[in-house]
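Below is one structure, written out as structure tokens, with a few remarks after it.
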Amino acid sequence: MSRSLAVVTGASSGIGAEFAEQLAARGYDLLLVARREERLDSLGRLLSERYSIRSESYVADLANDDHVLQLVNRLHGEPHLGFLVNNAGFGTKGLFWESSLESQEAMHRVHVMATMRLSHAALEVMVARGNGAIVNVSSVASFTLSAGGCSYCATKTWMTNFSEGLAVDLRSARSAVQVQALCPGFTLTEFHDAMGMNRGRIPAALWMKPEQVVNDSFRGLAAGKVIVVPGAAYKFVRFLMWALPPAMRRLAALRSGRAMGRVQMSGKGPRPIDGPAG
Ligand SMILES: NC(=O)c1ccc[n+]([C@@H]2O[C@H](COP(=O)([O-])OP(=O)(O)OC[C@H]3O[C@@H](n4cnc5c(N)ncnc54)[C@H](OP(=O)(O)O)[C@@H]3O)[C@@H](O)[C@H]2O)c1
């Protein structure tokens, strides 16, 4: 009998690589998606040997429409597709109009358009078969604002809201297929290196490991949770953002943008430290 297939985007590092490992440990074959082929190949080799599963590297730039549509076609042809992790993503820093439009568009394509298209393809297969799961790796930033992180927070808010909306559609169709928005806070991956952010600005106690984040995602799926926020500190952030009046949320956004080094203050107001790096 064929094993279920798990597709993980952004599997070449960080949270995506950890999802790949934990899915392989659960017996899934893997389709690992990202731009860095060598990384995908070496992770695939390691997991195939360790867990006796099959792994295939799929090189794609998810900011590229053609690449996404080719991957969509591939998913349509996978009757055993059992798990999709929409995890690929990146951050930028700098004020919106001072960052390149190209980097802002790429972020919307990767976080929003690729997630929407791949979820559509996966749900067509999964709902017809009556089982499967999608985890959309959003962020605790989906509940917040942050100066210098306008598109990041907005696209992650979309991911959380989209996932919740899909869960409602699935429930109305009485489908057993699950969708989850996973909303981590600061996690030790290559994410902050890629965006050129100094990790030292963030208190050590706030950093989580990818294992903790992915463990919480699987625990959340077992409990039927649609929104999973790993870590007590970040559950509190979510509550605070819900409880604060809008003007206070915006004040918190100015402070968090500066604390993270996404912008800095000059005499005239918040100024960018440098341009986008994502
Ligand atoms: N780390 C955190 O603190 C944190 C917190 C909350 C949410 N998140 C979210 O977690 C997800 C995973 O990030 P991470 O922390 O694991 O960071 P990471 O280690 O930098 O991994 C990001 C992954 O996304 C892939 N990726 C980026 N742009 C891509 C593109 N255009 N096409 C295809 N793949 C692309 C990268 O692969 P290639 O470069 O090989 O293409 C890499 O595998 C992201 O969506 C991020 O927003 C992270």
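What to note about this one:
- Annotation: aspartates and glutamates with alpha-carbon distance below 18 angstrom to LYS225 (same-chain offsets under eight excluded): GLU164, ASP169, ASP216.
- Span-like helix ranges in the chain, DSSP H, alpha carbon extent 15 angstrom or more, Kyte mean at least 0.0: 14-25, 115-129, 232-243
- Label-point separation in nm, GLU164 to GLU49, each point 7 Å along Cα→Cβ: 4.5 nm
- Label point at GLU56 placed 7 Å out along Cα→Cβ; residues across region 64-101 whose backbone nitrogen lies under 15 Å: 70-83
- Debye, to nearest 20: dipole size of region 30-170, +1 on Lys, Arg Cβ, -1 on Asp, Glu Cβ: 340 debye
- In plain terms, if you count all Cα to Cα distances in the chain and split them into 10 Å steps from zero, the share in each step is 7, 29, 36, 20, 6, 1, 0 percent.
- Centroid-to-centroid separation of region 112-136 and region 155-199 [C-alpha atoms, Å]: 14 Å
- Within region 28-130, the proportion of Cα pairs with more than 21 Å between them is 43 percent.
- For the chain, with +1 on Lys and Arg beta carbons and -1 on Asp and Glu, the positive-most of VAL8, LEU46, LEU69 along the dipole: VAL8
- Counting neighbouring Cβ atoms within 10 Å and putting the fewest first, the residues CYS153, CYS183 line up as CYS153, CYS183.
- Partner aspartates and glutamates for LYS209 [C-alpha distance under 13 Å; skip if fewer than 8 residues away on the same chain]: GLU18, GLU190
- The chain - mean residue ellipticity at 222 nm from DSSP helices (-39,500 (n - 2.57) per run, n ≥ 4, rounded to 500): -14500 deg cm²/dmol
- Amide H partners (placed H, <5 Å) of ALA133, local residues excluded: PHE83, LEU84, GLN178
- Inverse of mean 1/r across different Cα pairs in region 95-225, Kirkwood, Å: 16.1 Å
- Computed from point charges on the beta carbon alone (+1 for Lys and Arg, -1 for Asp and Glu), the dipole magnitude for the chain about its Cα centre is near 1100 Debye.
- Look at the alpha carbon pairs under 8 Å that are at least 6 residues apart: their mean separation over the length of the chain gives a relative contact order of 20 percent.
- Rounded to the nearest 0.05, the FRET efficiency derived from the C-beta distance between ASP41 and LEU101 at R0 = 25 Å is 0.15.
Read-outs: derived from the displayed coordinates by stated rules, not from any lab. Because the structure is a prediction, the values reported are computed rather than measured. For neighbour counting, all protein chains shown are included, and Cβ atoms are generated from backbone atoms with ideal geometry for every residue, glycine included.
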